[in-house]
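Report on the structure given below.
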Amino acid sequence: MLLTVLNKFQLRDKLLLPIVQGGMGVGVSAHRLAGSVAREGAMGTIASVDLRRHHPDLMERTGRSKDQGLIEAANLTALDREIGKARELAGGKGMIAVNVMRAVSQYADLIRQSCASGADALVVGAGLPLDLPELTSEHPNVALIPVLSDARGIALLIKKWMRRNRLPDAIVIENPRFAAGHLGAPSTEAVKDPRFGFATVLEGAHALLRELGLERERIPLIAAGGVHSHEQVKDLIGMGASAVQLGTPFAVSTEGDAHQTFKDVLLEAGEQDTVTFMSAAGLPARAVRTPWLMRYLDKETKLQSKARPKPCTVGIECLQQCGWRDGDARAGQFCIDTQLAFALEGDRKRGLFFRGSEALPFGAAMRPVRELIDYMLNGTQPPPLAA
């Protein structure tokens, strides 16, 4: 395992490097990435959504089907396989987490499957997971880690959970101004609200812990969103974060589970090549300005004006609330599973490629997980790539 000049942090019975790999779907962070990160002594995260796409036998059975039950069963099988493979790759080091979006329709089943399959932790965002303690009551040793963006949300969740005699084992504080994918803000205009700033939220969270009589170390705070340098990591830990979470830098690592073209799209995108828009999930999201996304945004207003309820495009019914399926004019008017699947497969023209807004640690170079973690924690510059 790597060493670090920074302090490790305690999560349950594990002492971890202060680096968390964010969950990225569809299929961008599966067993290879999560297991590789955990093997270095950090936390690797599997994104639970539509993992059947990494398993040819499951896709042969469901790829042309619109049988929701069949698709959901295949995804639970895929999740079980991915957790098992990640744990094997990690070799007992670090932790294997599963990210489950509160907004997905299979939320409860994915939570239960993750626990049954041996996940060490659950990371849950895209909505307040107030029911997570009840859903995991039979698995008290699984760490519960909600993803929140402001001090008010943190206070609400902690106080609700305390009434259930449970505390979060850690909290991911995600800054929507810089993060990739779905963002914890009510609108695209709100992502830059000062209340989401790291210093503001960390200070508010620590004040809340003091008010509740809880030691700071009892609930580690993990800063996420736009983290891409060793200096930032030091600054955030100096502000009171116990660790940082990275998404996009891990997505483009050698061990990232997505297609090489997916990685190339993210690596080639400059700081001005991302755009924030409303997802079909009814949340702001940030992605690369690819041909499909720009065509969609050009006609978004027209599509929203004609929004009407319609059958699910692929039969998966992946979201509890879907702007396209439900005819919600306030949300995105496209099938998010279809577009993310195109991206996973490396389809530049049709894919939706989620990416954070900031520069990448190694520019346009793809590097192994170990080198990324070493640089983020210790400032170690890797050797030049061979010509």
Exercise. Would you call G356 part of a loop (DSSP other than H, G, I, E, B), within 17 Å of the chain's Cα centre (by Cα) and not acidic (D, E)?
Worked result: yes
Seminar exercise, completed: Within region 289-302, residues closer than 13 Å to L352 by Cβ and either touching a Leu at 6+ places or on another chain (Cβ under 8 Å) or assigned to a helix (DSSP H, G or I) (or both) come out as T290, P291, W292, L293, M294, R295, Y296, L297
Seminar exercise, completed: Selection over region 20-33 where residues are among the hydrophobic types (A, V, I, L, M, F, W, C) and in contact with an Asp or Glu (Cβ under 8 Å, 6 or more places away or on another chain) yields a count of 4
Problem set entry | strands (runs of 3 or more DSSP E) fully within region 13-69 counting 2 or more residues that are farther than 26 Å from S279 by Cβ and not basic (K, R) | 14-16
Problem set entry | Single residue of region 137-165 satisfying the filter (within 22 Å of the chain's Cα centre (by Cα) and of a type in the set (G, A, S)) that is surrounded by the most Cβ atoms within 10 Å (Cβ to Cβ) | S149
For this session: Give region 47-71 a look and list any residue that's of a type outside the set (A, V, I, L, M, F, W, C) and more than 27 Å from S36 (Cα to Cα), or say none.
Result: E60, R61, T62, G63, R64, S65, K66, D67, Q68, G69
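Taking region 206-241 only, how many residues are part of a loop (DSSP other than H, G, I, E, B) and either crowded, with 17+ Cβ neighbours inside 10 Å or in contact (Cβ under 8 Å) with a residue 60 or more places away in the chain (or both)?
8
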Exercise. Looking at region 308-321, which of its residues are touching a residue at least 24 places away in the same chain (Cβ under 8 Å) and touching a Gly at 6+ places or on another chain (Cβ under 8 Å)?
Worked result: Q321
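Inside region 113-132, can you point out the residues that are part of a strand (DSSP E or B) and closer than 11 Å to L157 by Cβ?
V124
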Problem set entry | Matching option when the condition is surrounded by 23 or more Cβ atoms within 10 Å (Cβ to Cβ), among the aromatic types (F, W, Y) and under 21 Å from G125 (Cβ atoms), among F250, F262 | F250
For this session: Give the residue, chosen from A199, A170, that is touching a residue at least 12 places away in the same chain (Cβ under 8 Å), in the same structural domain as L110 (by TED's automatic domain parsing) and closer than 27 Å to K14 by Cβ.
Result: A170
Exercise. Looking at region 3-21, is at least one residue hydrophobic (A, V, I, L, M, F, W, C), over 20 Å from A343 (Cβ atoms), free of Cβ contacts under 8 Å to residues at least 24 places away in the same chain and assigned by TED's automatic domain parsing to the domain that holds A243?
Worked result: yes
Problem set entry | Search result, residues across region 242-288 that are more than 16 Å from the chain's Cα centre (by Cα) and part of a loop (DSSP other than H, G, I, E, B) | S242, T254, E255, H259, A269, G270, E271, Q272, D273, A280, G282
Exercise. Based on what the data block shows, is L79 under 30 Å from G153 (Cα atoms) and over 16 Å from the mean Cα position of the chain (by Cα)?
Worked result: no
Problem set entry | Search result, residues across region 62-91 that are under 19 Å from L344 (Cα atoms), of a type in the set (K, R) and at pLDDT below 95 | R64
Problem set entry | Candidate set from region 343-366 (those that are surrounded by fewer than 20 Cβ atoms within 10 Å (Cβ to Cβ) and among the hydrophobic types (A, V, I, L, M, F, W, C)); member that is nearest to M59 (Cα to Cα) | M366
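The values are calculated or read from the model by the stated rules, or taken from the named source; none is laboratory data. Note that the coordinates shown come from a computational prediction; the quantities given were computed from them, not determined experimentally. Positions of Cβ are generated from backbone atoms using ideal geometry, with glycine treated the same way; all protein chains shown enter the neighbour counts.
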